[in-house]
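Student: Structure provided below as structure tokens; questions to follow.
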Amino acid sequence: MIKKWFKKNFDHKISLRERMFRLVTGVCMVALMFILPMGRSAINLIILAVSLVFMAVVVELSIKKERINGGATSIAVLLLLVLPVSFFTAGGFYSGVPEWFVLCFIYISITLSGRRKVIFFLFCTAETLLCYYTAFYFPEYITQNSPARSFFDSAYSVVMVGTLISILLLFLNQLYEKENQLTRQQKKEIEELNQAENHFFSSMSHEIRTPINTIIGLNEIILRGDIPEDVAENARNIQGASKMLLTLINDILDVSKIKSGKMEIVNVSYMTGTFFSDIVNMIWIKAREKGLEFVLHVDSSIPSMLCGDEVRIKQVLINLLNNAVKYTSEGSVSLSVRCERTSLNRVHVWYTVEDTGQGVKKEDIPYLFNAFKRVDERKNRYIEGTGLGLNIVHQLVELMGGKISVNSVYTKGSIFIVELDQDIVDDKELGAFTLASRLNVQSGEQYQQSFEAPGAHLLVVDDNEMNLMVVSKLLSDTKIQIDTALSGAECLKLTLTQHYDCILMDHLMPEMDGIQCLRALRTQPAGLCQDTPVIALTANAGSEHQLIYRKEGFSGYLAKPVNGALLEAAVLSILPKEMAKLTMETSQSEIGKDLLIFDQSQRLPLMITTDSVCDLPESLKNEFGISVCPYYVCTEQGRFLDEEELKADELLAYIAAGMNGFSLPPDVEDYERFFAEKLTVAQNVIHITMAKQASLGHSNALEAAKSFDNITVLDSGHLSSGLGLSVLCAASMAENHVGKGEIVDLVETLKTRISSSFIIDSTHIMCQAGHLSKQIQLLCDTLLLHPVIKLKKSRMVVGGMEIGDFTHVAKNYVRKALRETGSIDRRILFITYAGMDAQSISYIKELVQQYCPFERIYLQKASSAIASNCGPRSFGLLFMRK
């Protein structure tokens, strides 16, 4: 029976609450066997027997009837009745009974729940205090014990209570361990199941896209020929069915990605004019075929270039517009776009899709965005679709941080409104955008190649022979010389003997995939195609792959299945212009949906980048091609980009008005976007950061660099123009084609050669920023001291103190900073300042020329991020030593 009891307590098929009820009640039954005999009377033994039987019956009945809370309540009542009897008959607090009250508290805490637990806990507390009160003030009601018996009972009770509680805790610990182990196992199984599901959908997408690519490609070749009208009609039907199948596959794959959390939003800069042109060209023909009017209204004030996930925004709008056309039999479909600027570099955009179709019933609107749900199924049974489209739209909008709403009157039409916040890249207004000027109708036109390039050599790499044949046939009219390779190894063999002007490469290939092949191609000894642009020709559709291909150094990617226009546009975009002779204007109706070109020119071998806190003049940054990743400056009015949205003088005026402002480094995602963008123009990037102990920028950049193979992050050990000096030296070496290893060594050496120091006028801001302790600030305020901040081993330290007015403080600081004139490199000096007038700056420059003349002196205003840490009327001398 005991064995059976143990087995039930560790059977995970039984609920945890039921097992704990059994366990704790069992321990309390054992406890009663030790408590009641202390009373040494027949009545106590009778109570013991009745109590044990009662508890056993209650346990079985409450479990059988699934009323554990009621059973636990009954047993708690029994314990509260039995304990006082034992207390008074065993000798009160001169016995071992008081220790057993602890078990009653434990029982109530573990087995009861909700209000009952609180009520019984309070009742048990009151009963315990009442028993002690009675024993103290009315000892005549207590059975007296001899001292020896009292000591024996007390010791016995302490040991037994301790033992039973320990056993209880051991059992409970084992129960929780087993439950945790089971939970971990189930979690692992669920994760494996999700991985298997994701792998299945990904594989399915890739495997189905490959034969569809062949079908659509060869079908297009048929349509290009001189064929009878009935054959042409059949071919067009095949084309339509293939595209429908492809749409269904994409919908299923998107739902799978969203469900598993794998869907990524990739923000890129895009031209709004091109974006709307693409949408017009995709929807206008469909509307015309149904006899519908398509109306487009675009706010003329919308910026000409925005930053957002262009692919996903387009997917959302095309889905809504397709639905509008599909469910509208007469009337019109319209797209209206309105924007409103919310900050200096951000706009809120409203996209409104309106139709005069059948509308949605009021009771169906709550289910409109459910997956696999089609409202008014009886009326819509002849309209194609899976019911996934609006669900995907809804989830994509939420992933992009926007919202979607719907207004509909049944039989009158529907209005869908999508709201998204996007960053402004170019705030030049788009201006008038008319529908007529953007139409690009090609339906029924005879095919004509967009260009000819007989002198160009193209290599197509794919492990599927049918794909190679399709690409070769689709490009045959362009007269390009085409070679094919069935594997990465064969590609590398060909590039040893032949230079190619363009390479199209499949991603997923056995043994060596496209990414591995590209890496090998770029470093191939004696290879003739190390700098040849490579486009990923892939069945892995989705905007999340854009970042992958960009990181790896592809010039662009083209999603399968491809059509002739897209393929020609992709090849044309990266061929040397002198090789291609244009024969017609390349179609842009679908480019941007399935084709993305990252760069169209030779990428730099190495680029030096840094952060906006480098405090370098724009002229030097432009001269050496130095790109900066902006810091943030946070105020009570919001978060602003350092120097781009908030200048130092504006910030200092804001702080002078009694407000707070502080700087923040870019986060990991900011750096990832910045690095990905720079890798479109450079093969390798060295990013030099502010001193790692002075800011989190270095650690964030390092974390972001883990996503890239060709990003190197270095700690300058300095800040402000001291960081700028390190960057200038590195950029100069990069311009002279010095290797990456030598530049890394130089930056490490410059940590000890560059002198970075600042004299601070007021310590309040530095104390608020956490760079000075409160004690030092109070000392400086009391004694009118001005600390000199220096950089040592990437840390900011107080290198000295100056006292007096500005003239005296500036003179002493300059004299001490430049006293070892023999070791100073006099080629360049930065006087970097914050919140100073022209007269003060001129005075500092005169002092410098008096103590140590320099060939070039730059008077550099500190960035707002630096100014937020040092405050007004602060300046520094930053130079190099020999």
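The values are calculated or read from the model by the stated rules, or taken from the named source; none is laboratory data. Small disclaimer: the values here were computed from a predicted structure and weren't measured. A quick note on method: Cβ atoms are made from the backbone with ideal geometry, for glycine too, and the neighbour counts reach across all protein chains shown. To get the accessible areas, we keep the full protein, side chains included, count just its heavy atoms, and leave off ligands, DNA and RNA. Shrake-Rupley method; radii C 1.70, N 1.55, O 1.52, S 1.80 Å.
Student: Filter segment 282-308 for residues that are out of contact with any helix residue (DSSP H, G or I) (no Cβ under 7 Å at 6 or more places or on another chain) and assigned to a helix (DSSP H, G or I); which is surrounded by the fewest Cβ atoms within 10 Å (Cβ to Cβ)?
Tutor: Out of the qualifying residues, it is 289.
Student: Let me ask something else about it. Output the qualifying pairs, or none if there are none: Cβ atoms under 7 angstrom, residues six or more apart or on different chains, first residue in segment 132-149 and closer than 20 Å to residue 100 by Cβ and touching a residue at least 60 places away in the same chain (Cβ under 8 Å), second residue assigned to a helix (DSSP H, G or I) and open to solvent by 100 Å² or more (accessible area, probe 1.4 Å).
Tutor: Partner pairs satisfying both residue conditions: none exist.
Student: Can you work out which of the residues in segment 284-305 that are at pLDDT 80 or above and β-branched (Val, Ile, Thr) is nearest to residue 551 (Cα to Cα)?
Tutor: Ranking the qualifying residues of segment 284-305, first place goes to 302.
Student: Could you grab me the full set of residues in segment 54-81 that are closer than 29 Å to residue 152 by Cβ and surrounded by fewer than 21 Cβ atoms within 10 Å (Cβ to Cβ)?
Tutor: Within segment 54-81, 55, 78, 80, 81 meet the criteria.
Student: For residues in segment 851-876 being crowded, with 24+ Cβ neighbours inside 10 Å and among the hydrophobic types (A, V, I, L, M, F, W, C), which is farthest from residue 819 (Cα to Cα)?
Tutor: Looking at residues that are crowded, with 24+ Cβ neighbours inside 10 Å and among the hydrophobic types (A, V, I, L, M, F, W, C), I get 865.
Student: Please count how many residues of segment 89-109 are touching a Phe, Trp or Tyr at 6+ places or on another chain (Cβ under 6 Å) and either surrounded by fewer than 18 Cβ atoms within 10 Å (Cβ to Cβ) or not hydrophobic (A, V, I, L, M, F, W, C) (or both).
Tutor: Residues in segment 89-109 being touching a Phe, Trp or Tyr at 6+ places or on another chain (Cβ under 6 Å) and either surrounded by fewer than 18 Cβ atoms within 10 Å (Cβ to Cβ) or not hydrophobic (A, V, I, L, M, F, W, C) (or both): 1 in total.
Student: Residues being within 13 Å of residue 24 (Cα to Cα) and among the basic types (Lys, Arg): count how many of those fall in segment 170-185.
Tutor: Qualifying residue count, segment 170-185: 0.
Student: Can you confirm whether residue 492 is closer than 26 Å to residue 577 by Cβ and either within 32 Å of the chain's Cα centre (by Cα) or free of Cβ contacts under 8 Å to residues at least 60 places away in the same chain (or both)?
Tutor: Taking the combined requirement at face value, the residue does not satisfy it.
Student: Looking at (1) assigned to a loop (DSSP other than H, G, I, E, B); (2) out of contact with any strand residue (DSSP E or B) (no Cβ under 7 Å at 6 or more places or on another chain); (3) modelled with pLDDT of 80 or more, which is the one condition that is false for residue 737?
Tutor: (3)
Student: What pairs can you find where one residue is in segment 736-763 and within 27 Å of residue 800 (Cα to Cα), the other is open to solvent by 60 Å² or more (accessible area, probe 1.4 Å) and part of a loop (DSSP other than H, G, I, E, B), and their Cβ atoms are less than 7 Å apart, with a gap of 6+ or different chains?
Tutor: 761/873
Student: Out of segment 110-143, which residues are among the basic types (Lys, Arg) and crowded, with 16+ Cβ neighbours inside 10 Å?
Tutor: 116, 117
Student: Additional query: Taking the options 308, 273, 331, name whichever one is out of contact with any His (no Cβ under 6 Å at 6 or more places or on another chain) and modelled with pLDDT under 85.
Tutor: On inspection, the qualifying residue turns out to be 273.
Student: Looking at (1) in contact with a strand residue (DSSP E or B) (Cβ under 8 Å, 6 or more places away or on another chain); (2) crowded, with 16+ Cβ neighbours inside 10 Å; (3) of a type in the set (Lys, Arg), which is the one condition that is false for residue 811?
Tutor: (1)
Student: Among all residue pairs at least 6 apart or on different chains, which show Cβ distances below 6 Å where the first residue, located in segment 510-525, is within 17 Å of residue 549 (Cβ to Cβ) and touching a residue at least 40 places away in the same chain (Cβ under 8 Å) and the second is part of a loop (DSSP other than H, G, I, E, B) and open to solvent by less than 30 Å² (accessible area, probe 1.4 Å)?
Tutor: Qualifying pairs under 6 Å: 514/507.
Student: Of the residues that sit in segment 145-200 and are of a type in the set (Gly, Ala, Ser) and over 28 Å from the mean Cα position of the chain (by Cα), which one is surrounded by the fewest Cβ atoms within 10 Å (Cβ to Cβ)?
Tutor: Kept after step one, since they are of a type in the set (Gly, Ala, Ser), are these residues of segment 145-200: 146, 148, 150, 154-155, 157, 162, 166, 196.
With the extra rule that they be over 28 Å from the mean Cα position of the chain (by Cα), the set shrinks to 146, 148, 150, 154-155, 157, 162, 166.
On the way: 146: 10, 148: 8, 150: 18, 154: 19, 155: 12, 157: 22, 162: 12, 166: 10.
Residue satisfying both the conditions and the ranking: 148.
Student: Would you check if there is a residue in segment 344-362 being without any contact (Cβ under 8 Å) to a residue 40 or more places away in the chain and open to solvent by 20 Å² or more (accessible area, probe 1.4 Å)?
Tutor: At the first step, the residues of segment 344-362 found to be without any contact (Cβ under 8 Å) to a residue 40 or more places away in the chain are none.
No.
Student: Go through segment 309-327 and count every residue that is surrounded by fewer than 23 Cβ atoms within 10 Å (Cβ to Cβ) and not in a helix (DSSP H, G or I).
Tutor: 1
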